[in-house]
1. Can you tell me which of (1) over 15 Å from A:Thr195 (Cβ atoms); (2) in a helix (DSSP H, G or I) is the one A:Gly65 doesn't meet?
2. Test each condition in (1) among the polar types (S, T, N, Q); (2) surrounded by fewer than 17 Cβ atoms within 10 Å (Cβ to Cβ); (3) at pLDDT below 90 for A:Asn155 and report the one that comes out false.
3. Being assigned to a helix (DSSP H, G or I), within 30 Å of A:Ala213 (Cα to Cα) and either at pLDDT 95 or above or within 14 Å of another protein chain (Cβ to nearest Cβ) (or both) is the requirement here; does A:Ser147 meet it?
4. Being over 16 Å from the mean Cα position of the chain (by Cα), within 13 Å of chain B (Cβ to nearest Cβ) and surrounded by fewer than 19 Cβ atoms within 10 Å (Cβ to Cβ) is the requirement here; does A:Asn76 meet it?
5. Does at least one position in segment B:182-202 carry a residue that is modelled with pLDDT of 90 or more and either among the aromatic types (Phe, Trp, Tyr) or in contact with a strand residue (DSSP E or B) (Cβ under 6 Å, 6 or more places away or on another chain) (or both)?
6. Looking at segment A:218-238, can you tell me whether even one residue there is of a type outside the set (Val, Ile, Thr), out of contact with any His (no Cβ under 7 Å at 6 or more places or on another chain) and buried (at least 21 other Cβ atoms within 10 Å of the Cβ)?
7. Does A:Arg182 satisfy the criteria of being of a type in the set (D, E, K, R) and under 25 Å from A:Glu120 (Cβ atoms)?
Amino acid sequence: MTLEVTVPEVQLSGVSKHYRDGPAVLHNIDLTIAKGEFVSLIGPSGCGKSTVLKLISGLTSPSSGTILVDGMTPKNARETISYIFQDATLLPWRTVRRNVALGMELEGTSGDRREAKTSELLELVGLREVSGAFPRELSGGMKMRVSIARALTTNPRLLLMDEPFGALDEMSRDRLNEELLRIRAEQKWTAVFVTHSVAEAVFLSTRIVILAAKPGRVQTMISVDWPQPRTASLRSMPLFEELTSDVSRALREARSE
Amino acid sequence: MNIRQTLIAGANSLSVFAALVALWQLVLWIFRVPAYMLPSPWAVARAVDARLPSLAIAFAITGEEALGGLLASIAAGVGIALIFAQSRWIRRMLYPYTLLLQTVPIVAIAPLILMWVGSGTASVTLIAFIISLAPVIANTTQGLVSVEENMVHLFLMHNASSMQLLFKLRLPHAVPSLFVGIRIASGIAVIGAITGELYAGSSRVGEGGLGYSILYASSQLQTDYLFALVLAATVLGFSFFFLVMFFEWYFLHRWHESARKPEVE
C-alpha cells in the first residue's frame, strides 16, 4: 500500500449551509474530489447542487464545516478556479474576442500574452471566424463556446460548471459534451459539473454524485470506469444504457425519500 | 425600411401636413377669425421669411440654454447615479430628494433663481438643468444596479477590483438606461429653457430666446410672429429628439436589442 501524499483538488468536510434562519440547504456534506476527476452532481431540484459550486468557489460561505481547494481556502484558490454559469454571462457590448479576453484582462495579464491566448482558445472552440461578432448575433451553443473559451484562458486547474448546457437543444448539448471531453483530454483540469441530465452525467463523468433534497445531502455515488478518450459512439453501447438506468434508479430513490 | 417605403411614408406625412394647413385656412374663412387672433398660414410663412434672422437668433439662444442644461444634467446625473449605486443605504437616504427635483414646480422656483443668479442665459440654463436632472439620475441608477448576479460573480471569480466592477461592468451595462434618461431629459430641457425665459428672459430688451420672444410678440399682438416662434420651438424640440436618437443609435446599435434607428415610426 502506497502512502497517499497528493492533496485532493476539492475537499468538503461536514459542510452544512442554511440561509438566515431558513431550513438547511445542505446538511453535513462530505465529498473529496481527487485531481483529474470529472464529477457530476445530479439530484432533484432543491437538493442544493448549485450551492455546492458556490461554496467551492467561495462565492458563499458554509454555515459549518470546512472546504479546501488544493489545500487552500476557496477564496485563496480562486486564481486556479474557473466558473461556467448556466447562462453564458457574456458582456453584450463586447465582441466575442474581447469577451474571451475578459478574464485575463481582469487578472492583469499583459496585452501580448492576452492576444495570443485569446487566439489560441478561439481556435480551440472553433470560433475564430466569428471573433468580431457581438453576442446577440450568436446562437445559444456558440455563446456557450465563448463562455467555455473565456473560462479556459486563465489556465484553471478546477472547472466549476453549473448546468452549462441546460438551455441548449439536445443536438448542441451532445456536440458540446464531446468537445468538452476533447479539450479535457488535452488540458487535464478537474471538473465539478452540475446537471439535470442523466445521459450527460454518464457520458462526461468519472464519478456521479447523486444528491437528495430537503436537506441537501449525498445519497449515493456511482463510478463510471470507462476508458478515455470517450467518443459519441459510447452513447449507443449497452454499458451506457445500463449505467444510465442505474443512475436513474438512484435518482428515483433520492426523490422518494 | 427600403427607399420606396421611406418615400411613401414621407409623402403621407406631407399630405397630413397639407391637410392640416388647409383645415386651418378653412376655419379662417368660415368663422372670419381676425388676424390678431389667428393669422393665416400664409401670414405665418411671411413672418418666418421676413424675420428669419431674429428667429434664428432666438432659436440659437434657447438651443444653447437647453443644450447647456441637458449636458450639465447628464454630467451631474451620471455622477450622482454612481454615488447612488454604491449602496442601497445611500439610495434610501438620498432618493427622496431626487423626487423633490421632479415634483417642485419650476414656476415656483424660477423667481428665486432669478433673484439669486440674475436674469439672462445663466439662470435659464440653470432652470433647464434642474428640471431635466431627475430622469437622468433615476434611469442611470436603475441601469447601474440591475446587473445580473451571475455577471458580478463572474467578475469576482477573476478577482476583479471594485473599480473594474464599476467601469467594466456596471457603467457599460447602464448605457442603454442612461439613454432612456437622456431622451426624457432632452424634451424637458427644451421646455425648461423656454419656460425659464418667460421669467428670466433676457438681460437686454428686445433680444432673447424663444420663450422671451413669445412673451414679447404676444404683448405686441404680433400673432403671426408668435406662431412663427411656436413653430421654431417645435423644430428645436424635434432637433433635440433626433440628436439624442442619433447618439443612441451610434453607441448602441451594434450590441443592444432596443437601439432604434433614428427614424419616426
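The values are calculated or read from the model by the stated rules, or taken from the named source; none is laboratory data. Note that the coordinates shown come from a computational prediction; the quantities given were computed from them, not determined experimentally. All Cβ positions, even for glycine, are placed from backbone atoms using ideal geometry, and neighbour counts span all protein chains on display.
1. So A:Gly65 meets the others, but not (2).
2. (3)
3. Yes: the conditions hold for A:Ser147.
4. Yes, satisfied.
5. No, segment B:182-202 has no match at all.
6. No, segment A:218-238 contains no residue that is of a type outside the set (Val, Ile, Thr), out of contact with any His (no Cβ under 7 Å at 6 or more places or on another chain) and buried (at least 21 other Cβ atoms within 10 Å of the Cβ).
7. yes
To keep it simple, each residue is scored yes or no on (1) modelled with pLDDT under 95; (2) crowded, with 20+ Cβ neighbours inside 10 Å; (3) over 23 Å from B:Ala200 (Cβ atoms); (4) of a type in the set (A, V, I, L, M, F, W, C).
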residue: B:Ala72; (1), (2), (3), (4): no, no, no, yes
residue: B:Ser87; (1), (2), (3), (4): yes, no, yes, no
residue: B:Met93; (1), (2), (3), (4): yes, no, yes, yes
residue: B:Tyr97; (1), (2), (3), (4): yes, no, yes, no
residue: B:Ile109; (1), (2), (3), (4): yes, no, no, yes
residue: B:Ser123; (1), (2), (3), (4): yes, yes, no, no
residue: B:Leu126; (1), (2), (3), (4): yes, yes, no, yes
